[in-house]
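Some notes on the structure that comes next.
The values are calculated or read from the model by the stated rules, or taken from the named source; none is laboratory data. Fair warning: this is a prediction, and the values are worked out from it, not measured in the lab. All Cβ positions, glycine included, derive from the backbone under ideal geometry; neighbour counts span all protein chains shown. Please note that ligands, DNA and RNA were not included when accessible areas were found on the heavy atoms of the full protein model with its side chains. Shrake-Rupley method; radii C 1.70, N 1.55, O 1.52, S 1.80 Å.
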Amino acid sequence: MPGIEEIKNGLKKKFKDAVVAVEEQNPTRLFVDIKSAKVREISNEIIAMGGRYLVSIGYDNISRDKTLGMIHTFGFDRDGIFLSLRTAVPESKPVMDSITPDIPNAGWSEREYMDLLGMKFTGHPKPKRLILADDWPEGVHPLRKDIPWNLMPPAAEDVAYQLDECPEGCSIVPVGPYHPTLHEPAHFAVYVDGETIKGSDYRGFMTHRGIEKLCQTQLTYNEIPFVAERICGICGSVHATSYSQAVELAGGIKISRRAEYIRTIMLEIERIHSHLLWLGVAGHLIGFDTVFMQSWRIREPIMWLGERMTGNRKTYGMIVIGGVRRDITPEIKEDILNVIGKVEEELLTVQKAIQGDSAIHRRTKGVGYVSTADTVLWSLVGPVARARNVDIDVRRDYPYAAYDEMKFDVPVFDSNDVWATVLVRLLETFEAIKIIRQCLDKMPNDGPILTELEAPIPALKHALTAVEAPRGEVVHYVITGEENAPERWRVRAPTYPNLQGVPLMLLGNQLADVPIIIGSIDPCFSCTDRMEIVDLRSGAAKTASQGELEELSRNKR
Amino acid sequence: MDILIAVINVLIFLTLAPLFEGVVRKLYAKVQSRQGPPIVQPYYDLLKLLGKETLSAGNWAFRIAPMMALASIITAVSLMPLGYTAGFLTQYGDIITVIYLLTLGGVSVLLGALSSKNTYAMVGASREMVTIIMVEPVLAMTFILGALKAKSLAIDASMASSLSGSYGFSMVLMLVVFLMALQAFVARQPFDIAEAEVEIMEGPFIEYSGPGLALFKYYMMIKQMFYAALFVAVFVPIVNTGYYLVDMAVQLVEILVVFVLIAVLGSTNPRLRIDQAVKYYAILIAASLVAVGLTVYGI
Amino acid sequence: MWLTSKIKQVFMVAKPGVVTLRYPFEPRPAPKNFRGQPYWDHHKCIGCGGCAAHCPARTILVRDLCQELRVMVYDGSRCTYCGRCADVCPEDAITMTESFELATGDKEDINETMELFMATCQRCGRCYDHEITNAIDRMSRIGFKYDSIEMRAVVPVSSEQFDMKLYEKTEKIKRPEKAGE
Amino acid sequence: MLANLIKKAFPRSLWVYHCNSGACNGCDIEILNVLTPYYDIERFGMKLVASPRHADVMLVSGAVTRPTLPIVKKAYDAMPSPKLVFGIGSCAVGGGCWFDCYNVTGGADKAVPVNYYIPGCPPRPEAIIYGVALALGLVEKKVAPIELKQMEFPIDMYERNKAWEDRNIIYELIKD
């Protein structure tokens, strides 16, 4: 169990020259500046110390010191410490060592900055284009400051993404871009032998809308929470909260306790509706529409409650920097208690009805198996990890908002399959109801809900926050800027790491299990893709999209 | 008169099959706590599909497959002695013909799917094929059991065997097997594997649009009603008054009851995987073989 | 196991019964705090343009036709109904109405235009900037984000830093010529 | 007569194909929500289908992004006519917050001809049902462009002002 001092001293001692500076923002946030040559060794050392890889952030710092910055972030779950490893490479020669060979989850982050910033990573196992569309011209990196946010290069028809080599004797079944399993466009190429899956490749990033670039260039601090909320239509508050907390941390803003409690309530209400939604979708995916209908019926009062509280069913718009927008009045408090009481009661009925259903067990037990060791290696998060015996929960490990005063259990199962994720989510819903009750009980009765800011937010401060979304942890990294807007804002949604683990889960399962396995991570592609662009256009008939298949088959006759 | 009965048979199936489909959809809705579509909804659907544009995605086989499917099931229907009264055509066919015609319907679906060259259609076709191979034997055993009882391959005799002969243990066993296979015959959950919407987007029918799809949908509806009617005719000889119209009415009510059963089972079960379904079918085949064996020994 | 679950499931579905609402045959109004279509009160508006400057969707256009006349156009097709404009309005001239039945066959139907008579600043004696105490809201980086509609698509904000050589090197790049193209 | 029947049957049996062209999930969830017990769009005979071949209506949700643009077009072409397109949510109606971002083409009308727009972020399920009912002719349209004038100007002021003549240019421009 290394404390913050130990981490600091350990790194300093072992890598004397490579560690340039160490900054301790507060007892839970550590920033270490290092030289880019040693990045791989130092990352390995941090993993060996018990760190868990979160995400990498690249940013354009050319106007200041002609470098491209790169930040790898790690979390020490047991100590509640976030460590950011900051390094930079000169613009003229933007090459650094890849950490992907040791930390497979960094693969996407690094590919992201290959395209968006034009960095190069030596030793990357799959240096393919992940982010930019295949017809996007070479040498234009949208995240660089000299590229305007509304640049639109013309589309080209003849470029195609090269999917992975299909294993011998297998055929390719494309899942997507439009497929009823995926309510959003994304493409999985599943390599099957008969009906058994031998491998898969992912090509998604189709809902990328360039949000980060837009917010960095066009909007000011307090508009971004509303855009952040629209990163994802299901866990909007999570992103808004996480972003606001990051700016507050960077700017040293203290928000009132009451506002923190209201944020907690919003987050938990969101968790209830998201988990019920997922339960329904999971039922739908295994062809059990009655579960779908019933759990969405139970969910509906929660949506109405949200509407009464905040003015919208889903994009609550409650959270702004400095606090929240609307208060919880005594009437609304009563309302919340009524609704969650009813939901709890009905959910209990559902739980009893489906828990022992052997027909459901048959479709979920033993499906999507990933060993605990692999889960840790691939840094999977959220219910997906908790169903695979990895006991992590940001709410408990790195308390934020009012979670430090809440008492709740973190359900963890060790059957490592889809059924465990069902159970984790079911039990978490009950925990969420418990937390809301505690919040309403302990909430300070009065006090401001919005902190007035006296001075502008200082520039070039870094801050990292994580919030436990229904799907896992959301990580936001903010570098404050001069013009009342962030210089860099990086969002990592929980689906981002989890999706990288899907090929692992698919391996060896049946084709019919693809929907429920992909569904079991509760994929949210819009969260994941907010930064990436990827195009799917393929010459081969078998890997083409749905529409193209039809087109091609028509021409072939 | 005989010709008239055959025509009435076909007409009843043609007009009532969508209605029963509507009943099933309504019941699904009720189980799911919602109001559901009007009972006549399937008629609207069929009419609308007829008015849509046909986008052909394959060769001549693609176009001909839906007609073949519908034609085969209509022929099978015209052979059926509904209301315990044999029609004009019944004497020209035997139970082998019926099995053959039902298989032909399945084969047409395969033909249509394979000629559309769509990956999902291919997957759907392969699943359909497995389903045909595994489920047809159960159907055949049912007929063989009847034939053994009646000591004749004629349709009316073997179907009405439970009326004439004793019901017997073998018959009860077969009834259970048939009930368990019913969902597979009518392609409803948990055995709607070939048409699985979320996995392979209605599989074999994915490329069909407009009238082609309408014919296939009609085929599926009539097929469902045929199996329900078959079940009623073979296993539920509650009333045989001898009056054609009364028998017919009673049978139709019984068919309705079977559809209610189908809806309730379908709406409370998730879909099975193909490998799990195959195991399940294998048990059914074994059980039906046992039933036939028992019949031979007259149990 | 299977059978008991099925029985429980039957109870689960039987208890609530059919719950379908009769909408649209019966009205179902939104709750009173609902953030529906925003509505300008043109009697209250002082034309400060705060709503335009703070709109995340940049959907409010402010245009001075001459010294006396300011036109504000709300392009409803992009509005995200976040209510930010109502929050920042110093005169409370924007209300989020409860109307949500906005479906239409023509996008123009959800636009609003307002013509304001702008006197000099003596009219009210105070301005948007002084009214807001929150430092974070006080600053606006680029003025009314939607004010130069012709230029919006043609000249990007970062044009000063933009390197045309890089553009030319990539050959195929074409600047969009008109908004949205 | 059959042709007549078919025409009558069409609005009673609209099969819906849902095409997410880059939405945040909010509208997609609401679209699924109208299938659920409280709203139950199936009572109008509507049904969600998986393949555009079977569909009469395409629901587009989300701003059309660069990668999805060709796919949306192809899905539209794959639908047999007669066909309708609904744009659901602010993003599909006009592009939403990100209408001019580097990877976004704009609203659904940039890709396919849209028949009905249902604004909202996300639209309430009631709003979606209202839009559907509007298409089916069950309800009347409630919105119309709003023009507000703070005061009436003296007529001669208009005439001598060249800017007044430019006034309409703005309306032209925002039409895009």
Completion exercise
Plugging the Cβ-Cβ distance of B:V246 and A:K442 into 1/(1 + (r/R0)^6) at R0 = 60 Å yields, to the nearest 0.05, a FRET efficiency of 0.25
Fill in the blank from the handout: Expected output for the stretch D:106-124, residues with a loss of 30 Å² or more in accessible area relative to the chain alone at probe 1.4 Å, reads D:Y117, D:P119, D:C121, D:P122, D:R124
Practice task
Once you have the Cα-Cα distance between C:A86 and C:E108, take 0.36 nm times their residue separation minus that, and quote the gain in nm to one decimal.
Solution key: 5.7 nm
Exercise for the section: Nearest 100 Å² is fine: how much accessible area is buried between A and C, summed over both sides, with a 1.4 Å probe? Expected result: 4900 Å²
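Ignoring chymotrypsin sites (Phe, Trp or Tyr not before Pro) that are buried or in helix or strand per DSSP, and keeping those with at most 14 other beta carbon atoms within 10 Å, what is the longest stretch of chain B between them? Walk me through the numbers on the way to the answer.
On the way: sites that count: B:Y167, B:Y243, B:Y297.
Here the longest segment lacking exposed loop sites spans B:1-166.
Restricting to DSSP H runs of at least four residues, report the calculated mean residue ellipticity at 222 nm for chain A, -39500 (n - 2.57) per run over all residues, nearest 500 deg cm²/dmol. Before the final figure, lay out the partial values.
Working: 20 runs with 223 residues, N = 557.
Result for chain A: -12000 deg cm²/dmol, rounded to the nearest 500.
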Exercise for the section: Using a 1.4 angstrom probe, figure out how much accessible area the stretch C:1-41 has per residue, in square angstrom, rounded to the nearest whole. Expected result: 59 Å²
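Is any helix in chain B, taking whole DSSP H runs, at least 15 angstrom long along its axis by alpha carbon and on average at least 1.0 on the Kyte-Doolittle scale, and which ones? All intermediate terms of the calculation are to be shown ahead of the outcome.
On the way: long enough: B:2-31 (42 Å, 1.53); B:60-79 (29 Å, 1.58); B:95-116 (32 Å, 2.02); B:119-150 (46 Å, 1.22); B:168-185 (25 Å, 2.27); B:210-235 (37 Å, 1.18); B:244-267 (34 Å, 2.20); B:274-296 (33 Å, 1.53).
The qualifying helices are B:2-31, B:60-79, B:95-116, B:119-150, B:168-185, B:210-235, B:244-267, B:274-296.
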Handout entry: Inter-probe distance in nm under a simple model that places probes 7 Å from Cα toward Cβ, at A:T329 and B:W60
Key = 7.6 nm
Problem - Accessible area of chain D belonging to carbon and sulfur atoms, whole % at 1.4 Å probe - result: 56 percent
Fill in the blank from the handout: Taking 0.36 nm per residue of separation between C:F117 and C:E98 and subtracting their Cα-Cα distance, the length gained on full extension comes to 4.0 nm
Problem - Under 14 Å from the A:E41 label point (7 Å along Cα→beta-carbon), backbone N, the stretch A:68-97 - result: A:97
Exercise for the section: Assign unit charges at the C-beta atoms only (+1 for Lys and Arg, -1 for Asp and Glu), then state the dipole size of the stretch A:4-153 relative to its Cα centre in Debye, rounded to the nearest 20. Expected result: 280 debye
Practice task
Please tell me the relative contact order of the stretch A:211-493 in percent, rounded to the nearest whole number, where contacts are Cα pairs under 8 Å and at least six residues apart.
Solution key: 29 percent
Completion exercise
Once normalised by the length of chain B, the mean sequence separation of its alpha carbon contacts under 8 Å that are 6 or more apart gives a contact order in percent of 27 percent
Exercise for the section: Mind checking which lysines have their Cα closer than 22 Å to the Cα of A:K314? Skip sequence neighbours fewer than 8 apart in that chain. Expected result: A:K333, A:K342, A:K434, C:K32
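What accessible area, summed over both chains, is buried at the B-A interface (1.4 Å probe, Å², nearest 100)? Numbers along the way, then the final one.
Numbers: alone 13090 and 21620 Å², together 31730 Å².
About 3000 Å² of accessible surface is lost on pairing.
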Problem - Accessible area buried between chains D and A, both sides summed, probe 1.4 Å, in Å² to nearest 100 - result: 4500 Å²
Exercise for the section: Tally the DSSP beta bridges in chain A and give the antiparallel ones as a percent, rounded to 5. Expected result: 90 percent
Exercise for the section: Report the full-extension gain for the segment B:I133 to B:V236: residue separation times 0.36 nm, less the Cα-Cα distance, to one decimal in nm. Expected result: 34.4 nm
Practice task
State, in angstrom, two size descriptors of the stretch A:270-413 derived from its alpha carbons: Rg to one decimal place and Dmax to the nearest whole number.
Solution key: 17.7, 50
Exercise for the section: May I ask for the distance between the Cα centers of the stretch A:304-340 and the stretch D:75-145, given as a whole number of Å? Expected result: 28 Å
Fill in the blank from the handout: A 1.4 Å probe over the protein heavy atoms gives the stretch A:211-493 a carbon and sulfur accessible-area percentage of 53 percent
Fill in the blank from the handout: In terms of the alpha carbon gyration tensor, root eigenvalues a ≥ b ≥ c, rounded if a/c is under 1.5 and otherwise prolate when a/b exceeds b/c or oblate, the stretch A:1-113 is prolate
Handout entry: Å² per residue, accessible surface of chain A at 1.4 Å
Key = 29 Å²
Fill in the blank from the handout: Along the dipole axis of chain B (charges at Cβ: +1 for Lys and Arg, -1 for Asp and Glu; origin at the Cα centre), the most positive-end residue among B:L104, B:F216, B:L245 is B:F216
Handout entry: Rounded accessible area of D:K141 (nearest 10 Å², 1.4 Å probe)
Key = 100 Å²
Handout entry: Descending semi-axes in whole angstrom, ellipsoid equivalent of chain D, from the Cα gyration tensor
Key = 35, 21, 16
Completion exercise
Descending packing, highest mean Cβ count within 10 Å first, for A:241-253, A:346-358 is A:241-253, A:346-358
Practice task
Report, as an integer, the average count of C-beta atoms from other chains found within 10 Å of each Cβ along A:96-106.
Solution key: 0
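Mind giving me the FRET efficiency for D:L136 and A:E5? R0 is 56 Å, r the Cβ-Cβ distance, nearest 0.05 is fine.
Values: r = 69 Å, r/R0 = 1.24.
After rounding, the FRET efficiency stands at 0.20.
Could you grab the relative contact order for the stretch A:4-153? Cα pairs under 8 Å, six or more apart, rounded to a whole percent.
Working: 253 pairs, mean separation 27.1, N = 150.
It rounds to 18 percent for the stretch A:4-153.
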Practice task
Pop a pseudo-label 7 angstrom from the Cα along the beta-carbon direction at both A:N338 and B:V253 and give the gap in nm to one decimal.
Solution key: 4.7 nm
Practice task
Excluding residues on the same chain fewer than 8 positions from C:K107, give the lysines whose Cα lies under 18 Å from its Cα.
Solution key: D:K110, D:K141, D:K142, D:K175
Handout entry: Cα→Cβ-extended label distance, 7 Å offset, between C:V19 and B:V290, nm
Key = 4.4 nm
